[in-house]
């Protein structure tokens, strides 16, 4: 292994600028002549707009322009995935105007934009806008929404976006009816607010000389924004629209989507003739960044007398919020129900999913997206079944694992897992968690009046999103390939243009390691360029843990083309047959001789082609590749969490977190560990701290950091993470993806640990987030029931 | 409304600026002085991304007025390295990869430096408690805490 190639813990190349305060995030950019936008938002969850009077505001100091929905009649913010109902009809797909058209449907819905010389002036002027609303009843609860009455969209009956299913319900019901034991739980997967620490921002500008629009935006996928906004919302052709996503301060899914503000500042820029900057304040982030999760599910697991799983049935209601965000519809279907086999051989599975509109912020993919919801219900129902049947937690899992020699394994829910070894990750997690020492630790806790519990979660996910053919057949309106362009500069350095986007993942390092390994170059000869549609040919961006498995593979493909072309050049210069040229350690050698050219010499020759045979050898050394994967990738593993509960206060202390994950080949172990840590923190946050709460009128009660509990440094322990490796069977690097595993595997481990701690009192369930109040009440309830 | 003339010292350099009475120190640093290392993560003092020190005291610059800085010494992330030589905390953050997207990193470094000035030998629990005012959504804090503890040890050895 080289010190800079695959498998090395190379220090992150991007870190110097971040550590010295020299990162360039969207809000750090100011353009000459820039104006500032403030968005006037609906204070009501549901209301008709009778009139908007902007006259006083327009006369306020510094105001440049004010626009409302009446001015901005453009295309709808599009949804990228069409789901079909059980009966084959398409889902309900109501419009989503960037500025409200006569009606507002959630608190924070955009009503008007004020553009002024300063942000303070824009904000002050917005207070002078008189909006005459007629407030309507709001519908927040999914069950009430399904009952009809109040409609979020007049033309969507019962607020039902779609009623979708996967699997044979009759067959599953039959298996359940004949089973020795059935475990049933009602599960809530709590709604979360992503809270990337960088608020969203956008700067729109228009160059009248060239007719080119430029949008700087906090996006995980600038080309996708160019396509969606250009083609569907504003009708700007792609060659006149440049999108730049510079340094981006975290995304976690919330910066995938095309948001109204991006369209507003771009659309308005030529109208005011100056650049327009908008930056969300944190309150706006809370009410307008797409939220995550928010499922309610009934799950039944049928088992035979030995504890072998016979069937799994789930019925899920999934909250879409007030409008369909870009990928919202695929989250509770193809990213969720297709994972319901988990790591087990359950032979028959049925999922029924109803997606429902409510007067709340749109919900979309958030770190894990559908897969955390699947793993949570599976691992909760397995935990419960094991308790009911008196089977140890590791044993019930081993009994039902897909064996390591069964891959490729076709699940009953459409996916074919290519590789995995769930015994290996369970064994290593149990060893690293010192499960053998748990009894002694539990006794020590009891001696001081505390309760201790151990929780397991064994999970699999599908990422590396995704094969275009597969997602296309499932309703995706886009392909999900990735592109890479490898430019070898005349003096031998390499610039790689990738369609993946880094917003914390460390791509500038991991991708450079691929180049170093493949082309034999030192890291300082490699530059990774991303995030600018005028530099990168095309890209589908970064989400679904796809950057390495899809974007990295595109790079490998392009680099192999570079090697092929270089061999042609070397063969010509060294007067040898192309087939005799070997490439190793950055040198092209004629096999069996000492004749060689360095990579740099080949590069220079490519650009100084004084004697190239022009009919067979082109000058230059630059290659483009697109890579579309054969299958999803399937990281999996085991998370074990140990908690100590104070029965007097209900406070849960997370004492040990152990994760053993199989993410395929690891390129940079230090970066992989960091990605795992971040996912674990978000998973533990969901399980213990975070919960988005609306009141019955659709007002967000958890709209600030005083109300929405983010995991802080004193809430978490250090983590034990390790990797077991089975290689992905269908990509050249053998990589699977690590961005989401922590958030997918950990929540059920936390809750199972709390249930374990409280099981002696008779507690069988606790819902997320397991706040001290909830835990204390569960303890009191169990005590009362026992008396 | 007339602007206020402020004379202050930022990262050791005497600096003068005019600011509006209601303008925060964060906005002055970012928009008037182009020191964009401090970030606005919340504007309410809950996230610590805007952390700077005023006369050695750790503050949220989003809750401090620009006018208050008159006659004070301000230290920001931009002044933490000695030229190209990173501060031990910055060096340890690099070695541990104690950052991901980088947006909270300046605030966390400023806060950690303030901790080690007050308490050169913090326990892990003390470090976690001190840094609980700084939100990071990427790292889960594990590597941050390890890097701070490692830097503290190195700084003690060097002193």
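Look at the stretch A:714-720: the mean tally of other chain Cβ atoms within 10 Å of its residues' Cβ atoms is 5. Stretching the chain fully between residue A:154 and residue A:446 yields a gain of 99.3 nm (0.36 nm per residue, less the alpha carbon separation).
Kindly list the residues of segment A:110-135 that lie in the label zone of residue A:699, defined by a backbone N under 16 Å from the point 7 Å along the Cα-to-C-beta vector. Correct set: A:135. Projected label points at residue A:529 and residue A:765, each 7 Å from Cα along the beta carbon direction, are separated by 5.6 nanometres. Treating r as the C-beta distance of residue B:126 and residue B:9 and R0 as 30 Å, the FRET efficiency rounds to 0.50. For the peptide B:126-139, the mean number of other protein chain Cβ atoms found within 10 angstrom of a residue's Cβ is 6.
Helix-only arithmetic for chain A: the sum of -39500 (n - 2.57) across DSSP H runs with n ≥ 4, divided by the residue total, places the mean residue ellipticity at 222 nm at -8000 deg cm²/dmol. Expressed as a fraction of 2.2 N^0.38 Å, the C-alpha radius of gyration for segment B:88-158 is 0.97.
Neighbouring Cβ atoms from other chains, within 10 Å of the Cβ of residues in A:187-200, number 3 on average. Paramagnetic label reach from residue A:473 (point 7 Å along Cα→Cβ; backbone nitrogen cut-off under 12 Å): within segment A:618-646, residues A:631. As a length-normalised measure over Cα pairs under 8 Å and 6 or more apart, the relative contact order of segment A:324-482 settles at 26 percent. Ordering A:538, A:588 from the fewest to the most neighbouring beta carbons within 10 Å gives A:538, A:588. How large is the helix-only mean residue ellipticity at 222 nm for chain B, computed as the sum of -39500 (n - 2.57) over DSSP H runs with n ≥ 4, divided by its residue count, in deg cm²/dmol to the nearest 500? Value at 222 nm, helices only: -9000 deg cm²/dmol. For segment A:481-627, DSSP calls about 80 percent of its internal beta bridges antiparallel. Based on the Kirkwood radius over alpha-carbon pairs, what value in µm²/s does the Stokes-Einstein equation return for the translational diffusion coefficient of segment B:4-79 at 4 °C and 1.567 mPa s? Roughly 109 µm²/s, to the nearest whole number.
For a paramagnetic label modelled on residue A:306 (point 7 Å from Cα along Cα→Cβ), amide N atoms under 11 Å away belong, within segment A:391-425, to A:399-400. By DSSP, the beta bridges lying fully in segment B:4-79 are antiparallel in about 90 percent of cases. Normalised by the number of residues in chain A, the mean separation of alpha-carbon contacts (under 8 Å, six or more apart) gives a relative contact order of 15 percent.
For chain A, a/c is not less than 1.5, where a ≥ b ≥ c are the root eigenvalues of the C-alpha gyration tensor, and a/b does not top b/c. That puts it in the oblate class. Here, segment A:544-661 is characterised by an Rg to Rh ratio of 1.38, where Rg is the alpha-carbon radius of gyration and Rh the Kirkwood radius. Computed from the C-beta positions of residue A:787 and residue A:388, the FRET efficiency with R₀ = 30 Å rounds to 0.85.
Using a Gaussian network model of chain B whose springs link C-alpha atoms within less than 10 Å, name the residue from B:82, B:27, B:55 with the highest mean-square fluctuation. Result for chain B, Cα springs under 10 Å: B:82 fluctuates most. The slack between residue A:118 and residue A:406, meaning 0.36 nm per residue of separation minus the straight C-alpha distance, is 97.4 nm. Scoring A:326-338, A:146-158, A:276-288 by mean Cβ neighbours within 10 Å over their residues and listing the highest first yields A:326-338, A:276-288, A:146-158. Note on residue A:720/residue B:154: beta-carbon distance plugged into 1/(1 + (r/R0)^6) with R0 of 25 Å gives a FRET efficiency of 0.55. According to the square roots a ≥ b ≥ c of the eigenvalues of the Cα gyration tensor, what is the shape class of segment A:1-145, taking rounded for a/c under 1.5, prolate for a/b larger than b/c otherwise, and oblate for the remainder? Judged from the Cα gyration tensor, segment A:1-145 comes out oblate (a/c at least 1.5, b/c at or above a/b).
Bear in mind these aren't lab numbers, they're just calculated from the coordinates by the rules spelled out. Every value quoted in this text rests on a predicted model; they were computed, and no experiment measured them. Because the Cβ atoms are built from the backbone with ideal geometry, glycine has one as well, and the counts that use them run over all protein chains shown.
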